[in-house]
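Notes to accompany the following structure.
The values are calculated or read from the model by the stated rules, or taken from the named source; none is laboratory data. What you see is a predicted model, and the numbers here were worked out from it, not measured in a lab. With ideal geometry, Cβ positions are generated from the backbone for all residues, glycine too; neighbour counts draw on all protein chains shown.
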Protein chains: 2
Amino acid sequence: MIGIDWGTSSLRAYHLDAAGAVIARLETDQGILKVPQGGFREVLRALIDPWLLGGETLVLLCGMVGSRQGWQEAPYLPCPAGPEEIAQALTPLEFDGARCLLVPGLSTADRAGAPDVMRGEETKLIGLLAELGDAAAVACLPGTHSKWARLVGGRIAGFATHMTGEVRATLLAHSILGRLAEPGEETPGTDLAFLRGVRRAREPGGLLHHLFGTRALGLMGRLAPADTDAYLSGLLIGHEVASALADGPLPGPVHLVGSERLCRLYALAFGEAGLAHRPHDADLVAKGLARVARSLG
Amino acid sequence: MIGIDWGTSSLRAYHLDAAGAVIARLETDQGILKVPQGGFREVLRALIDPWLLGGETLVLLCGMVGSRQGWQEAPYLPCPAGPEEIAQALTPLEFDGARCLLVPGLSTADRAGAPDVMRGEETKLIGLLAELGDAAAVACLPGTHSKWARLVGGRIAGFATHMTGEVRATLLAHSILGRLAEPGEETPGTDLAFLRGVRRAREPGGLLHHLFGTRALGLMGRLAPADTDAYLSGLLIGHEVASALADGPLPGPVHLVGSERLCRLYALAFGEAGLAHRPHDADLVAKGLARVARSLG
């Protein structure tokens, strides 16, 4: 089979054997934003044609390719959902010489009834479930829109998204905080500034006050311009972690899935909060696609 | 005397009689960002020349004109500070035919030692103190950087800034939330969307999660594009108010000082939080400048 993780800014293709092991992989920057309207089929064919055998190769696609801006919209599947529910909710795509199916995103509602959505992360979580089995667990997938998911009985029970990465990038690029910041080399001092931000997040005042405080520290000469970005990251990630922990104790270590850079920062923040964690391979998505294929039979 | 409120994007000049009543006022869009380097003296002279009498007219200036980006930097004065302390900390400016003095901004530190600053708002608060006297009170000055100040014994005891207005504007202009929003006419429904945001802010999850939830509501068709801005405002103002109230009960109604549009929204949020408030004239700045002049003797 072939697994495709087609996101906003990149495309990863995995050629998998019958046991789900990766035989070959390709990565391009042809994220869905770079694909002209109606051009998804050709981009995919050019990429995977050498892997297609006679007959009907199974191609499973996940990520933003299934969003309104993608190839075709795959409706959100409500939580709780595991590999079986997802395998039953795949959306077929027209594609000659292969059986192309879209993995749905997931939706959830918190206790107050407020909705949340994910698209792409559900497949990584299915890959994580393939490693963890049925035990209750919590996973954190840091990123532009960080996800915290509760895993129960081999399924994704629910999740919450935090706009941490996008808020950081937006404020740095377009607010008074960015005018204060100067790019600097990463030094041991950068981590200290990050941890200062994490600790500040645990003090009273609220995020909107702490954000302005970043400027006040700069004006008072108590935060170096080169440390502003790290402090701001610490502040935002610290608030995210505090909110994620507000529901009570976790059932075990936080299972951390993401880029090396972000996972290192989140591990620092978890350490500051006295929280154990376990890092996982970011390539869980291939494992998740293989697991869904197995449920498909 | 002449009072000048010279901010980032506007300049207001007040001609005041000996009792502090406004004889005449002028307003221009020549905020400090529009004044060329070294050009502050000429801009001021062109504006107030008709008001200058023989001898040394007193001209008191407050606002961002005293910042690093302004005419001259007036160092921050630490809280607690009232009209007497401010009158003793004025910074003289060179100006022929008038005695020009800059009002300092204020600095404060919270219980954790984190600094905060204001510049311009201190003068409005002095004007408010002239109305309220020595009783303990809390004032809220909504805006790009909202200020909450504690007034005790006729002085500004301390304050906290929330980056509410700037975060809203930045996210609307540059984040995924803005791509969701569509401008719409203000209707009774706009206030309902604002109040939905205020109520959401009181639920668990944290601001970064609630922000992403705005998008999830939109994707699920549960928040109209024309209501997104109002809902986001409610969310942010709701979080600001909750943080400001986290310290315990207030000594009385919140004294609300700001633009009509913002004060109306904050009044709605206060109502939702069961909080009494008293509106005040936004022209408190002239009263504050007159009060500082009286302390100057």
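Listing for the model above:
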quantity: Helices (runs of 4 or more DSSP H) contained in the range A:156-251 and holding at least 1 residues at the interface with chain B (Cβ under 10 Å from one of its Cβ atoms) and either in contact with a Pro (Cβ under 6 Å, 6 or more places away or on another chain) or at positive phi (or both); calculated: A:207-219
quantity: Odd one out for A:ARG264, checked against (1) within 14 Å of chain B (Cβ to nearest Cβ); (2) under 23 Å from the mean Cα position of the chain (by Cα); calculated: (1)
quantity: Enumeration of residues in the range A:132-155 that are within 12 Å of chain B (Cβ to nearest Cβ) and among the β-branched types (Val, Ile, Thr); calculated: A:THR144
quantity: Residues of the range A:116-131 that turn out to be assigned to a helix (DSSP H, G or I) and within 14 Å of chain B (Cβ to nearest Cβ), as a count; calculated: 1
quantity: Those residues of the range A:48-78 which are part of a helix (DSSP H, G or I) and exposed (fewer than 15 other Cβ atoms within 10 Å of the Cβ), in sequence order; calculated: A:ASP49, A:PRO50
quantity: Number of the condition not met by A:ALA269 [criteria: (1) out of contact with any Pro (no Cβ under 9 Å at 6 or more places or on another chain); (2) buried (at least 21 other Cβ atoms within 10 Å of the Cβ); (3) closer than 23 Å to A:GLY20 by Cβ]; calculated: (3)
quantity: Check on A:LEU262, assigned to a helix (DSSP H, G or I), crowded, with 24+ Cβ neighbours inside 10 Å and in contact with a Gly (Cβ under 9 Å, 6 or more places away or on another chain); calculated: no
quantity: Per-region count, the range B:111-127, residues closer than 23 Å to B:GLY252 by Cα, out of contact with any strand residue (DSSP E or B) (no Cβ under 6 Å at 6 or more places or on another chain) and modelled with pLDDT of 95 or more; calculated: 2
quantity: Boolean, A:VAL257 is among the hydrophobic types (A, V, I, L, M, F, W, C), at pLDDT 95 or above and touching a Cys at 6+ places or on another chain (Cβ under 8 Å); calculated: yes
quantity: Of residues in the range A:96-115 being of a type outside the set (D, E, K, R), within 11 Å of another protein chain (Cβ to nearest Cβ) and not in a strand (DSSP E or B), the one nearest to the chain's Cα centre (by Cα); calculated: A:GLY105
quantity: Hits in the range B:279-297 (condition: more than 16 Å from the chain's Cα centre (by Cα) and over 16 Å from B:CYS62 (Cα atoms)); calculated: B:GLY297
